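Values in this text are rule-based calculations from the coordinates and carry no lab data. For clarity, every value in this text was computed on a predicted model and none was experimentally measured. All Cβ positions, even for glycine, are placed from backbone atoms using ideal geometry, and neighbour counts span all protein chains on display.
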Amino acid sequence: MPTLIRLIITLLFLAGLVYAGMFALVAFVEPTPKEVTIRIPQRDLLSGGQPALPGQAPAVEEPAAEPATP
């Protein structure tokens, strides 16, 4: 029984150290904001709103035919 109590106390102590470390990070570390740029390939922009699946060419819409004049 003393070994079980010693194990529980050790685990509680380690959990307390983890929580103390998390509290220290929250209290003392200030994140620095930075600008993020995400590049989007042109083929994804021109795919007509349909996602291009891997291994498949994006769907390309055919241009509308102009009416023939008599």
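See the values below:
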read-out: Label-point gap, in nm, between Phe23 and Ile5 - each point 7 angstrom along Cα→Cβ; value: 2.6
read-out: Shape category assigned to segment 1-43 from the gyration tensor of Cα positions, a/c cut at 1.5; value: oblate
